[in-house]
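J.: Before anything else, here's the structure in question.
Bear in mind that the values in this text are calculations on the coordinates, not laboratory data. Just so we're clear, the structure is a prediction, and the values are computed from it rather than from any experiment. No Cβ is skipped: glycine too gets one built from the backbone with ideal geometry, and neighbour counts run over all protein chains shown.
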Amino acid sequence: MTRLLAVSDLHVGMADNRPIVERLRPASADEWLIVAGDVAERVADIEWALGLLASRFARVIWTPGNHELWTLRDDPVQLRGAERYDHLVALCRRLGVLTPEDPYAVWEGPAGPVAIAPVFALYDYSFRTAATKQESLERAFRSGVVCTDEFFLHPDPYPSREAWCHARVAETERRLAAHDPDIPLILVSHWPLVRELTDILWYPEFAQWCGTELTAGWHRRFRTQVVVYGHLHIPRTTWHDGVRFEEVSIGYPREWRRRGHPRGLLREILAA
């Protein structure tokens, strides 16, 4: 049976997560896989994981998470910001993996075709818990809830992460608006596209690193069948304005050891 599957937050830089990726296999040779970011931090690990998946699945579609965009001191690839992202896009093209810079792939299902739109929009601190970014960051630092992006995710050549985010949002909106509305979309983003999805967080301070309010209406504005995302490490299905949202993360070993994988390692998004 042909299926469209999804997963995110593989974090193969952690030794206990690497065997999980080695277990990810299709049930048939024509299945497609969406990978919604946070594969790993180092380029070699990203290449290993995406290369393995591309050798097994008929099609792999990837969009970056924050971890792919980190520049760690021990990574031989010391590119930062947009240059790092461009390097990963080129890597994916060598592997045959589709990215947010490629034409949307069309998956043929029993209800008709759907286009898979990988979205790279970042975040702009608009999910913050205070009136200003500075106040929100100070509150987070005082509480000890700080995203490691503040140290390793560089926005070069943009002056800030929010400036890079706004450029990505503008480009993505342009492409989505140009898409044929007769073909519904599956939007794939590492970061949640609506703020309500972060209401479940144990630490509300972390929400400011989880998205931008600029994407809040995309699932209504553009004909969307399903939204796939990760980042929160809280696998679940929710509905917003009649659209299904799927959080498909594996997460860190301490998380999946506690909760297991009650819905399996790969989430079925659509099936023929």
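J.: Considering all projection directions equally, how large on average is the shadow of the alpha-carbon convex hull of the chain, in square nanometres?
T.: 13.7
J.: Run the dipole for the range 3-271 about the Cα centre, Lys and Arg Cβ at +1, Asp and Glu Cβ at -1, nothing else charged, and hand back the magnitude in debye, nearest 20.
T.: Charge dipole, the range 3-271, about its Cα centre: 540 debye, nearest 20.
J.: Still on this structure, I have one more. When DSSP assigns beta bridges and you keep just the ones with both residues in the range 3-271, what percent turn out antiparallel, to the nearest 5?
T.: Values: 15 of 38 bridges.
Percentage antiparallel, nearest 5: 40.
J.: How many nm separate the modelled label positions at ASP30 and ALA170, each set 7 Å beyond the Cα in the direction of the Cβ?
T.: 4.3
J.: What full-extension length gain, to one decimal in nm, is calculated for LEU265 and THR132 as 0.36 nm per residue of separation minus the Cα-Cα distance?
T.: On the way: separation 133, 0.36 × 133 = 47.88 nm, distance 3.85 nm.
Extending this stretch completely gives an extra 44.0 nm.
J.: Turning to a different aspect of this structure: Run through the DSSP bridge list for the range 182-272 and note the antiparallel percent, rounded to the nearest 5.
T.: Values: 5 of 13 bridges.
Of the beta bridges lying entirely in the range 182-272, close to 40 percent run antiparallel.
J.: What distance in nm separates the two pseudo spin-label positions at ARG244 and TRP48, each 7 Å out from Cα along the beta-carbon direction?
T.: Inter-label distance under the simple model: 3.4 nm.
J.: In a GNM of the chain with a 10 Å cut-off on Cα contacts, which of ALA111, ALA163, ALA140 has the highest mean-square fluctuation?
T.: Of ALA111, ALA163, ALA140, the most mobile in the Gaussian network model is ALA111.
J.: For ASP180 and VAL146, FRET efficiency with R0 = 35 Å and r from the beta-carbon atoms, rounded to 0.05?
T.: Values: r = 42 Å, r/R0 = 1.21.
The calculated FRET efficiency here is 0.25.
J.: Subtract the Cα-Cα distance of ASP74 and ARG195 from 0.36 nm times their separation in residues, and report this length gain in nm to one decimal.
T.: The span from ASP74 to ARG195 would gain 40.1 nm if fully extended.
J.: Along the charge dipole of the range 3-271, Cβ charges K/R +1 and D/E -1, which of THR212, ALA167, ALA82 sits furthest on the positive end?
T.: The residue sitting farthest along the positive end of the dipole is THR212.
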